1. Would you mind telling me which numbered condition in (1) at pLDDT below 85; (2) crowded, with 20+ Cβ neighbours inside 10 Å; (3) of a type in the set (D, E) D22 fails?
2. Which residues, taken from segment 67-86, are more than 12 Å from G100 (Cβ to Cβ) and in a helix (DSSP H, G or I)?
3. Only residues that are of a type in the set (G, A, S), at pLDDT 80 or above and either in a helix (DSSP H, G or I) or closer than 15 Å to F81 by Cβ (or both): list them for segment 25-66, please.
4. Mind listing just one residue for me: the one in segment 67-106 that is under 21 Å from G33 (Cα atoms) and of a type in the set (G, A, S) and, of those, modelled with the lowest pLDDT?
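The values are calculated or read from the model by the stated rules, or taken from the named source; none is laboratory data. Everything numeric in this text was worked out from a predicted model, so none of it was measured. Because the Cβ atoms are built from the backbone with ideal geometry, glycine has one as well, and the counts that use them run over all protein chains shown.
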Amino acid sequence: MHFSKIALLAFVGSAIAQGAGDKGSSTSPDSDGCFESCFKRSGCPPGDETCFCNSQPAVDKAACCVSKECSPEGQKIVGMFAHFICQRGTAKIPQKQADGCKNSRD
């Protein structure tokens, strides 16, 4: 599992870097810090996958934030990453990040 996380992180990093070069853009999908900002709003400590993946309110808050603050490309990357890291968690990752807004109070 550890190797898989490393491989996915490399993929996500590559996708972000590639996104920076698409259509002449000079910014990555997270140039405004939306990924980091939204995870902080989840209420879980930075990098605490166990907290995040086992807390439906945390997932809903982060997903709602992503739907409002991340670019469409960024939303896809965050969605893929969340689904991957939370495979064994109890929280349900919404198919559409905006669905998290229905349950979130943010």
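1. (2)
2. Within segment 67-86, E69, P72, E73, G74, K76, I77, M80, F81, H83, F84, I85 qualify.
3. S37, S42, G47, A58, A62, A63
4. Per the stated criteria, the residue is S104.
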